[in-house]
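The values are calculated or read from the model by the stated rules, or taken from the named source; none is laboratory data. Given the structure is predicted, the values throughout are model-derived calculations rather than measurements. Every residue, glycine among them, receives a Cβ derived from its backbone with ideal geometry; neighbour counts consider all protein chains shown.
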Amino acid sequence: MAAKLGILGSGEGSNMAAIDDSCRSGVLAAEVALVLSDVEDSGILKLAKERNISHAYIAPGQYRTKLDDSAESEFIRQLQAAAVDWVVLAGFMRIIKSNSLRAFPERIVNIHPSLLPSFPGLGAAAQAIEFGAKVTGATVHVVDQGIDTGAIIAQEAVRIEEGDTAQRLHERIKATEHRLYPQALNDLISGRIKICGRTTQRQAWKRTPKS
Ligand code: GAR
């Protein structure tokens with residue numbers, strides 16, 4: 001049975017669209033069961049509507065960087081009601097709190113536009129340019145209590161060109177993300193990659209014995 005994904009985002013939704021395309025084409029054995037956002041007029045909700053995916057806006061409450069307790073409960077309630085197997089953060093700009101981590105243990109994944117542990121947090125592309133790095137990239141990781149600190153599932157490098165703006169660089173990183181995120185989810189969902197505490201391991205391929 002196809003794994004059910006609950007996707008959370010606050011922005012444009014291009015990663016959600018890439019994941020949904022991979023599901024619909026059969027490359028990823030999963031279905032986008034639900035899209036939730038903390039931003040009412042976000043692109044991700046508009047795309048979900050166009051694609052006939054169940055979606056909802058949940059008011060985040062009083063804080064800027066996290067959900068308040070009642071908003072968090074509502075996110076969890078809707079994800080559980082949709083029976084999602086994996087919670088996929090795709091440009092969700094709020095810290096994930098402990099109740100969510102307890103509700104979906106080792107089942108929340110995130111994509112971040114840098115090669116972690118470099119440049120965590122907001123404005124990762126701008127941080128990389130300001131630092132003078134020559135290479136940055138994209139990281140898919142398991143979500144834990146920290147900010148962008150969980151076990152790394154997949155990474156890919158993106159070169160920083162001379163004269164790059166944060167926006168231009170971020171667009172190139174996103175093009176990489178659109179390939180990397182569906183692949184990493186496929187590895188995780190199929191069990192080819194297993195989470196082992198702080199790290200992840202690719203499982204050895206086993207030949208099925210001939211009868
Ligand atoms: C992506 O580049 C993602 O890596 C980043 O937000 C963008 C969302 O784009 N996430 C973070 O910076 C999380 N710290 P999208 O809405 O078009 O998928």
Of everything in region 136-154, what is crowded, with 17+ Cβ neighbours inside 10 Å and within 14 Å of the chain's Cα centre (by Cα)? Give them in sequence order.
Ala138, Thr139, Val140, His141, Val142, Val143, Asp148, Gly150, Ala151, Ile152, Ile153, Ala154
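For every residue, the table says whether it meets (1) within 22 Å of His112 (Cβ to Cβ); (2) out of contact with any helix residue (DSSP H, G or I) (no Cβ under 6 Å at 6 or more places or on another chain).
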residue: Lys4; (1), (2): no, yes
residue: Ile7; (1), (2): yes, no
residue: Gly13; (1), (2): yes, no
residue: Leu28; (1), (2): yes, no
residue: Glu31; (1), (2): no, no
residue: Val35; (1), (2): yes, no
residue: Asp38; (1), (2): yes, yes
residue: Ser42; (1), (2): yes, yes
residue: Leu45; (1), (2): yes, yes
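Being modelled with pLDDT of 95 or more, farther than 23 Å from Leu188 by Cβ and assigned to a loop (DSSP other than H, G, I, E, B): is that true of Val84 here?
Here the answer is no, as Val84 does not meet what is asked.
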Going by the structure shown, is Ile53 among the aliphatic types (A, V, I, L, M) and within 11 Å of the ligand (Cβ to nearest atom)?
no
Reported set for region 120-157 where residues are over 18 Å from Tyr181 (Cβ atoms), within 13 Å of the ligand (Cβ to nearest atom) and not hydroxyl-bearing (Ser, Thr, Tyr) is Gly121, Leu122, Gly123, Ala126, Gln127, Ala128, Gly146, Ile147
What are the pairs, 6+ residues apart or on separate chains, where a residue within region 38-64 that is free of Cβ contacts under 8 Å to residues at least 24 places away in the same chain and aromatic (Phe, Trp, Tyr) has its Cβ under 8 Å from a residue that is within 14 Å of the ligand (Cβ to nearest atom) and not in a loop (DSSP other than H, G, I, E, B)?
Tyr57/Leu36; Tyr57/Ser37; Tyr57/Leu45
Being out of contact with any helix residue (DSSP H, G or I) (no Cβ under 6 Å at 6 or more places or on another chain), of a type in the set (Val, Ile, Thr) and in contact (Cβ under 8 Å) with a residue 60 or more places away in the chain, is that true of even one residue in region 99-108?
no
Regarding Met16, is this residue surrounded by fewer than 22 Cβ atoms within 10 Å (Cβ to Cβ), within 16 Å of the ligand (Cβ to nearest atom) and either of a type in the set (Lys, Arg) or within 13 Å of the chain's Cα centre (by Cα) (or both)?
no
Taking the criterion of being more than 24 Å from Ile153 (Cβ to Cβ), in a strand (DSSP E or B), at pLDDT 95 or above and in contact with a Leu (Cβ under 6 Å, 6 or more places away or on another chain), would at least one residue in region 89-98 satisfy it?
no
Residue count, region 64-81 (criterion: closer than 17 Å to Val32 by Cα and modelled with pLDDT under 95):
0
